[in-house]
Amino acid sequence: MPALQSSPALTAVLERIAKAAREAGRDPAEVELVAVTKQQPWPSIEPVLAAGQKRFGENRVQEAKERWSGRREGLELRLIGPLQTNKAREALGFFDVIETLDRPRLARVLADEIQRLGRAPRLYVEINTGEEPQKAGVPPPGADAFIAACRGEFGLEIEGLMCVPPLDEEPAMHFALLAKIARRNGLDRLSMGMSADFETAIRFGATSVRVGQALFGPRARRGESSNAGR
Ligand SMILES: *Cc1c(COP(=O)(O)O)cnc(C)c1O
């Protein structure tokens, strides 16, 4: 095996995760880093991969396949963006974890496809903690019933909950709410916290944090080509 190269950005983020965990009286090993590579150029990703990071998050099925097909051996890939039902089969065949299960129709399609393929990804239910109309996720008042339906009616095993708090609000209350919904549903895995707020999320019990720009730098805007800006 080739020696691992060092990535200062990865080291810095892992140190911040460990520090936040220790300050919260938690074992740093309880908090997993999901490196979010969406809209990042390969030269930014490569050093983090070479330094040993194995868990990556993507928010689009097509983009993820373009980036990772042929090099996903030994990696864990997570879908963290909205999933259309007509992409469910493709997503099931590609991702190890789907974090954005949020409606009965998608649960039904995933359940059918899991039966057909004989292979199930790990699943998280996304909660729209801010009840933002434009955002994916189950609104908190419907969370318990939806989780129960996933487990009962659809026969799906749920690993945990995921949320993306509103941009313009203090994230702590949203993380606390996600933890509370998880607790009362017997779930102990929480995917919450991004570059701007992962330390807060760890304080409120995150077991995985999804970090993009703090690792890879600012994202290219969609549709922006390499010679944009002329
Ligand atoms: C893009 C994205 C992230 C990472 O955001 P950063 O600010 O780059 O850390 C995390 N979670 C989801 C759902 C995302 O879409």
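Between Leu75 and Arg221, the contour length at 0.36 nm per residue exceeds the alpha carbon distance by 50.0 nm.
The string of couplings for region 108-119 from the Karplus curve (6.51, -1.76, 1.60, θ = phi - 60°) is 4, 5, 5, 4, 5, 5, 5, 4, 5, 7, x, 8 Hz, one whole number per residue in order, with x for Gly and Pro. In this structure the amide hydrogen of Thr37, modeled in the peptide plane, comes within under 5 Å of the amide hydrogens of Gly57, none closer than 5 places in sequence on its chain.
Which net charge results when you count Lys and Arg as +1 and Asp and Glu as -1 among the other residues whose beta-carbon is under 12 Å from that of Pro139? Residues near Pro139 contribute -3 overall. For Val138, the residues 5 or more places off, or on other chains, whose built amide H falls under 5 Å of its own are Glu126, Ile127, Asn128. Counting only protein chain heavy atoms and rolling a 1.4 Å probe, the accessible areas of Ser6, Ser195 rank, largest first, as Ser6, Ser195. Figure note: Glu131, Glu199 ranked by solvent-accessible area, largest first, 1.4 Å probe, ligands and nucleic acids not counted: Glu131, Glu199. Here's the picture: charge each Lys and Arg Cβ at +1 and each Asp and Glu Cβ at -1 in the chain, and of Leu187, Val13, Ala50 the one pushed furthest to the positive end of that dipole is Ala50.
So which of Lys38/Lys135; Lys87/Lys180; Lys54/Lys135; Lys19/Lys180 end up more than 20 Å apart, counting from Cα to Cα? Before the final figure, lay out the partial values.
On the way: Lys38/Lys135 18 Å; Lys87/Lys180 31 Å; Lys54/Lys135 28 Å; Lys19/Lys180 24 Å.
Violating the 20 Å Cα-Cα cut-off are Lys87/Lys180; Lys54/Lys135; Lys19/Lys180.
Near the amide H of Glu32, within less than 5 Å, lie the amide hydrogens of Ser208, Val209, all on another chain or at least 5 residues away, with H placed in the peptide plane. Each residue of region 54-61 was assigned a 3J(HN,Hα) from its phi angle through the Karplus expression (A = 6.51, B = -1.76, C = 1.60, θ = phi - 60°), giving 10, 10, 10, x, 9, 10, 9, 4 Hz with x at Gly and Pro.
DSSP loop GluC sites (Glu not before Pro) in region 62-121 with at most 11 other Cβ atoms within 10 Å of their Cβ, which ones?
Loop-located and lightly packed - Glu73.
Kirkwood hydrodynamic radius, computed over distinct alpha-carbon pairs, for the chain: how many Å, to one decimal? Show your work: numbers first, answer last.
Details: mean 1/r = 0.0548 Å⁻¹.
Value: 18.3 Å, from the Cα pair sum.
On the accessible surface of the chain, probed at 1.4 Å, how many percent belong to carbon and sulfur atoms? Provide the component values of the computation, followed by the final result.
Working: 5800 of 11480 Å².
Carbon and sulfur together cover 51 percent of it.
Assuming charge only on the beta carbon of Lys and Arg (+1) and of Asp and Glu (-1), the dipole of the chain about its Cα centre is about 480 debye to the nearest 20.
Sort Trp68, Trp42 by heavy-atom solvent-accessible area, probe 1.4 angstrom, most to least. Before the final figure, lay out each step's value.
Working: Trp68 0, Trp42 70 Å².
Putting Trp68, Trp42 in descending order of accessible area: Trp42, Trp68.
Rolled with a 1.4 Å probe across the full set of protein chains, the surface gives Ile114 an accessible area near 30 Å².
3J(HN,Hα) couplings calculated from phi for region 70-85 with the Karplus curve 6.51 cos²θ - 1.76 cosθ + 1.60 (θ = phi - 60°) are, in sequence order, x, 9, 9, 3, x, 9, 10, 10, 10, 8, 10, x, x, 10, 7, 4 Hz; Gly and Pro show x.
Spatially, region 51-119 and region 152-201 are offset by 19 Å when compared through their Cα centroids.
The values are calculated or read from the model by the stated rules, or taken from the named source; none is laboratory data. In this text the structure is predicted, and so the values were computed from the model without any measurement. Here Cβ is always computed from backbone atoms with ideal geometry, including for glycine, and neighbour counts include all displayed protein chains. In case anyone asks, the SASA skips ligands and DNA or RNA and just uses the protein heavy atoms, side chains included. Shrake-Rupley method; radii C 1.70, N 1.55, O 1.52, S 1.80 Å.
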